[in-house]
Amino acid sequence: MKSVIAYFSHRGYNCVDGKVKYLEKGNTEIVAHMIACVSHLPLFKIEPESNYPDNFYEYLNITQQELANKAYPQLKGYLHDHYDEIYLGFPNYWGTMPRAVFSFLKELDDNNVVIHPFITHDGGDYGSSLTDIKTLCPHATITEPLSLKCTHIKCQLSAIETWVKKGSHD
Ligand SMILES: Cc1cc2nc3c(=O)[nH]c(=O)nc-3n(C[C@H](O)[C@H](O)[C@H](O)COP(=O)(O)O)c2cc1C
């Protein structure tokens with residue numbers, strides 16, 4: 001069985017508890033590393049090819065425009081091999097996934113793949129992301145997601161561990 005943890009995460013200024021806060025490490029990245037600790041699976045970072053601006057308000061504008069334009073930003077890299085199982089992590093952006101995750105899923109070989117989504121958010125839960133994953137990857141099986149509020153991440157190791165163990169037996 002070939003498995004990977006693929007995730008998108010944004011370090012720097014972010015929305016946490018409705019406030020703008022500087023994060024040394026993105027919330028989803030923290031969760032991805034915790035999953036790697038308990039599963040020993042490799043990590044793959046979903047990264048847009050062009051760098052986003054450091055200014056947080058410009059970043060908000062650009063990500064919102066990408067969503068409005070249904071953009072598929074070019075990524076630095078894609079998964080070229082077929083994977084049987086993908087732990088897919090991303091933050092809730094504007095009620096769904098960041099558009100870079102749309103780009104990642106559009107290029108994915110979704111035949112016989114099981115996707116375990118994990119989402120960090122600031123109160124919006126996973127929004128419409130699960131429906132969007134299903135639309136992009138109609139042949140994939142999508143399991144019960146793990147959805148974590150960004151203010152509660154560091155104390156969630158045991159919930160993460162339980163979720164990973166459950167996913168590996170689904
Ligand atoms: C551009 C942008 C849009 C966001 N939109 C939402 C949203 O619609 N709903 C929500 O609950 N949180 C939203 N958030 C908060 C993020 O989902 C939350 O801070 C997440 O944990 C960030 O993950 P990261 O640090 O891995 O990038 C948004 C944050 C950003 C930067």
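The values are calculated or read from the model by the stated rules, or taken from the named source; none is laboratory data. Computed from a predicted model, the values in this text were never measured in an experiment. For neighbour counting, all protein chains shown are included, and Cβ atoms are generated from backbone atoms with ideal geometry for every residue, glycine included. These accessible areas exclude ligands, DNA and RNA; they are computed on the full protein's heavy atoms, side chains included. Shrake-Rupley method; radii C 1.70, N 1.55, O 1.52, S 1.80 Å.
Annotations
- Of all residues in the range 141-159, exactly one satisfies the criterion of being farther than 28 Å from Glu24 by Cα and open to solvent by less than 40 Å² (accessible area, probe 1.4 Å), namely Thr143.
- Qualifying residue in the range 102-117 (condition: acidic (Asp, Glu) and closer than 20 Å to Asn14 by Cα): no
- For the range 159-170, residues that are modelled with pLDDT under 90 and among the hydroxyl-bearing types (Ser, Thr, Tyr) total 1.
- Single condition Ile86 does not satisfy, out of (1) open to solvent by 50 Å² or more (accessible area, probe 1.4 Å); (2) touching a residue at least 12 places away in the same chain (Cβ under 8 Å); (3) under 30 Å from Asp17 (Cβ atoms): (1)
- Test: Lys25 is assigned to a loop (DSSP other than H, G, I, E, B), free of Cβ contacts under 8 Å to residues at least 40 places away in the same chain and within 13 Å of the ligand (Cβ to nearest atom): yes
- Yes/no for Asp132 being surrounded by 13 or more Cβ atoms within 10 Å (Cβ to Cβ), of a type outside the set (Val, Ile, Thr) and under 30 Å from Tyr22 (Cβ atoms): yes
- Selection of strands (runs of 3 or more DSSP E) fully inside the range 47-166 by the criterion of at least 2 residues being away from the ligand (no atom under 16 Å from the Cβ) returns 85-91, 114-121.
- Single residue of the range 1-17 satisfying the filter (of a type in the set (Gly, Ala, Ser), more than 7 Å from the ligand (Cβ to nearest atom) and touching an Asp or Glu at 6+ places or on another chain (Cβ under 7 Å)) that is nearest to Thr162 (Cα to Cα): Ser3
- Screening Trp163 against (1) among the aromatic types (Phe, Trp, Tyr); (2) open to solvent by less than 70 Å² (accessible area, probe 1.4 Å); (3) within 15 Å of the chain's Cα centre (by Cα) leaves a single unmet condition, (3).
- Among residues of the range 28-57 being of a type in the set (Ser, Thr, Tyr) and in contact (Cβ under 8 Å) with a residue 60 or more places away in the chain, the one that is surrounded by the most Cβ atoms within 10 Å (Cβ to Cβ) is Thr28.
- For the criterion of being among the acidic types (Asp, Glu), open to solvent by 20 Å² or more (accessible area, probe 1.4 Å) and touching a residue at least 60 places away in the same chain (Cβ under 8 Å), Asp81 passes.
- Unique match (being farther than 17 Å from Val4 by Cβ and open to solvent by 60 Å² or more (accessible area, probe 1.4 Å)) among Pro138, Pro73: Pro138
- Among (1) at pLDDT below 95; (2) under 24 Å from Asn111 (Cβ atoms), the one test that Asn14 misses: (2)
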